[in-house]
1. Can you tell me how many residues within the stretch 44-57 are exposed (fewer than 12 other Cβ atoms within 10 Å of the Cβ), assigned to a helix (DSSP H, G or I) and not hydrophobic (A, V, I, L, M, F, W, C)?
2. Looking at the structure I just gave you, is L61 at pLDDT 90 or above, closer than 17 Å to W131 by Cβ and surrounded by 14 or more Cβ atoms within 10 Å (Cβ to Cβ)?
3. Residues being in a helix (DSSP H, G or I), in contact (Cβ under 8 Å) with a residue 40 or more places away in the chain and over 16 Å from F63 (Cβ atoms): count how many of those fall in the stretch 125-150.
4. Looking at L15, L21, L11, which one is over 30 Å from I141 (Cβ atoms) and modelled with pLDDT under 60?
5. Taking the stretch 25-34 as the search range and keeping residues that are surrounded by fewer than 15 Cβ atoms within 10 Å (Cβ to Cβ) and touching a helix residue (DSSP H, G or I) at 6+ places or on another chain (Cβ under 9 Å), which one is modelled with the highest pLDDT?
6. Does any residue in the stretch 45-65 that is farther than 20 Å from T136 by Cβ come within less than 8 Å, Cβ to Cβ, of a residue that is part of a loop (DSSP other than H, G, I, E, B) six or more places away or on a different chain, and which pairs are these?
Amino acid sequence: MPEIMRRPSRLDERLTKAQKLDIRAHQRTYQGAYIRTCIGSLSFSLLVMKLFSKEFMFIGLVFQVYSLLICVIGYHRASNMDLYFIDFSRGDWYKDYVPAHTADTETETINGHVFVDNKYYFKTSGNYVIWLSIITGCCYIVLFVLLAIM
């Protein structure tokens, strides 16, 4: 059987085997959750729009907008996957993550953890959680208003 040639992905070039494993686990867990939520709310919106009367059309539309926004957030988070890995081997790594007015500070390494001004830096996904919370809250408010008007 002939061997299939493929172009290496950008993950093949600069990440270790453990980091690639973490990325695959992240993709299975979180991106799968975004896609499942998007497909679930989209199918529910189509169900509402097809089965119920015209008065419920706006409720289905709210769920369609909600699923579209979740899909956009999932895509954006997937495209920024390499931001979760900070290259601590570079001497000036903190200049990418610390504001410019504090970027000329002193670093310290204790037990493999890097500290800048006695603060440990770790990139979290808190911004995505905040955006999802805001979007979900707004959609619930719109749904409650639409149901109250009916």
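The values are calculated or read from the model by the stated rules, or taken from the named source; none is laboratory data. These figures come from a predicted structure and were not determined experimentally. All Cβ positions, even for glycine, are placed from backbone atoms using ideal geometry, and neighbour counts span all protein chains on display.
1. 3
2. Values: at pLDDT 90 or above: yes; closer than 17 Å to W131 by Cβ: no; surrounded by 14 or more Cβ atoms within 10 Å (Cβ to Cβ): yes.
No.
3. Residues in the stretch 125-150 being in a helix (DSSP H, G or I), in contact (Cβ under 8 Å) with a residue 40 or more places away in the chain and over 16 Å from F63 (Cβ atoms): 2 in total.
4. On the way: L15 fails: modelled with pLDDT under 60; L21 fails: modelled with pLDDT under 60.
The unique qualifying residue is L11.
5. In the first step, residues of the stretch 25-34 are kept if they are surrounded by fewer than 15 Cβ atoms within 10 Å (Cβ to Cβ); the result is 25, 27-29, 32-33.
From what is left, the residues that are touching a helix residue (DSSP H, G or I) at 6+ places or on another chain (Cβ under 9 Å) are 27, 33.
Values: Q27: 76, A33: 87.
This residue is A33.
6. Filtered contacts from the stretch 45-65: E55/M150.
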